[in-house]
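Below is one structure; the comments refer to it alone.
What follows is calculated from the coordinates using simple rules that are stated; it is not laboratory data. Remember, it's a predicted structure, so these values are computed and weren't measured experimentally. As a convention, Cβ positions derive from the backbone with ideal geometry for all residues, glycine included, and neighbour counts pool all protein chains shown.
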Amino acid sequence: MSLYNKILILCLTILFVSCESGNLRQVGFSVPERYGASEYSGLSDEAKRRYLREYYLYPDIVIDKIINGEVFKGMTTEQALFSWGRPDQIDKRDGSWGSVEKWLYGVDTQGQSYKYLHFKNGRLDDWKE
C-alpha cells in the first residue's frame, strides 16, 4: 500500500471518528460576519464560551478575556471583534513595514475617539480604554 493511501485512510478514519463524536461544525451554522458578530452578541456567556471553544479553538485564558470585554497585546483582530465588538471607524494603512489598523470606538462629531485598538500586521499592539 502506498504512503498516499495510508494517509488517505488515516484522514478518513479521523473524519469518521470526529463525526461520530460530534466534533465537527454543524453544517449551515452561520459564522458571524467580519465586522458584525450579531449572532454572537445575543448569546449567554456560557454559550459564547462554548462557541469560542468549539468553533474558534481559543484557549480558556483568551475566552475569559473576551467574555470579560478585555484586550491584550498580541490579540488578533478576530478576537478583538468578539471582545469589544464592531468599531465605529477603522483607519488602515499599508506600507513596506506591513499593515497598520486603528479601530476607533465612541467617535464624536469632531472625529475624536474615546477608546481605540491599534493593530500591527493583524495583532493588537496598543490600545486606550
The range 41-129: proportion of alpha-carbon pairs further apart than 21 angstrom, %: 35
Placed amide H near M75: partners under 5 Å, 5+ positions off or other chain: L124
Give me the extension gain from K115 to L57: residue separation times 0.36 nm, minus the current Cα-Cα distance, reported in nm with one decimal. 18.1 nm
Would you mind putting 59-66, 90-97, 78-85, 44-51 in packing order, based on average other-beta-carbon counts within 10 Å, highest first? 78-85, 59-66, 44-51, 90-97
Among the listed pairs K65/K92; K73/K102; K65/K128; K102/K128; K73/K120, give every one whose C-alpha distance is greater than 22 Å. K65/K92
Report the local net charge at G106: Lys and Arg +1, Asp and Glu -1, summed over other residues whose C-beta lies under 11 Å from its C-beta. -1
